[in-house]
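K.L.:
A single structure is presented below for examination.
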Amino acid sequence: MVVMRRPLSGNAPSREECYRLIRQMQMLENIVAHSRLVCGVALFLTDRLIDLGHLLDRELVRASALLHDITKTRSFKTRENHAETGGDFLRRQGYPEVGRIICQHVLLEDFKAHAPPTEAEIVNYADKRVLHDRISSLNDRMAYIRDRYCKKPEHVPRMERMWAESLAVEEKLFRLLGFKPEDVERLVGREKSE
């Protein structure tokens, strides 16, 4: 099978640059561990979708997944929206495409169930499948997010939107892939050990 790849955006920081930015922003080690596993899940899904002929920019996914929580550490003090400020930070660093995806790692801007999969959907979904430093089910991760971040009644509509959107993204991705969502942990783990 011929693997089709979208031309690289030319606008994704290298792995080394990602880790330089992580150090610069003094990300907590547990957040770095989470981000690395999100990256592993995102790249696993991206590679399977590329193998099926979908046009995706692997380097854009890699950088966006590694950096999706770039301002989360400081958000504990500032209470800023880390998706928005993380996206702004990457734009200011000269990576607007990465910034656009990071802004969408909590909620997507424009989800289309029957359009081809996007880098933003993959990073968003991979983040929803990683609870701290382990791959979890979407149900477990969403329950954690609800219990941790949905403290006030005004948070409920956002949580409901996130839950519905996450289910829709999962359905879209796995309609294309030749395995089930519950297989991700086993398959990603096997790939790491090979």
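The numbers here are math on the coordinates, done by the rules we state, and not lab data. This one's a predicted model, so the numbers in the text were calculated from it and none came from an experiment. Note: ideal-geometry Cβ built from the backbone for every residue, glycine included; neighbour counts use all protein chains shown.
K.L.:
So how far apart, in nm, are the two label points at Ala168 and Asp147 if each is 7 Å from Cα heading toward Cβ?
P.N.:
The two pseudo-label positions are separated by 2.8 nm.
K.L.:
Which of the peptides 128-141, 57-70 is most tightly packed, and how do the rest follow, judged by the mean count of other Cβ atoms within 10 Å per residue? Kindly include the intermediate steps, with their values, before the conclusion.
P.N.:
Numbers: 128-141: 17.3, 57-70: 26.6.
Highest mean packing first, the order is 57-70, 128-141.
K.L.:
I would also like to ask the following. Along Cα→Cβ, 7 Å out, is where each label goes; now give me the distance between the ones at Glu17 and Glu182 in nm to one decimal.
P.N.:
Modelled inter-label distance: 4.2 nm.
K.L.:
Within the chain, which DSSP H helices have Cα atoms that stretch 27 Å or more along the helix axis and a mean Kyte-Doolittle hydropathy of at least -0.5? If you can, show how the numbers build up before the last one.
P.N.:
Numbers: long enough: 29-51 (33 Å, 0.77); 156-176 (31 Å, -0.22).
The answer, listed by residue number, is 29-51, 156-176.
K.L.:
Would you please give the residues with an amide H less than 5 Å from that of Leu131, counting only those at least 5 places away or on a separate chain, with H modeled from the backbone geometry?
P.N.:
Answer set, sorted by chain and number: Ser136.
K.L.:
Okay, moving on. Beta carbons within 10 angstrom, averaged per residue: use that to sort the peptides 175-186, 158-169, 33-44, highest first. Don't skip to the end; give the middle numbers.
P.N.:
On the way: 175-186: 13.2, 158-169: 15.9, 33-44: 21.1.
In decreasing order of mean packing, 175-186, 158-169, 33-44 become 33-44, 158-169, 175-186.
K.L.:
Which whole-number percent is the relative contact order of the chain (Cα, under 8 Å, 6+ apart)?
P.N.:
22 percent
K.L.:
Please work out how many pairs of lysine residues in segment 15-187 are eight or more positions apart (or on different chains) and have Cα atoms closer than 22 angstrom.
P.N.:
So the count of such lysine pairs works out to 13.
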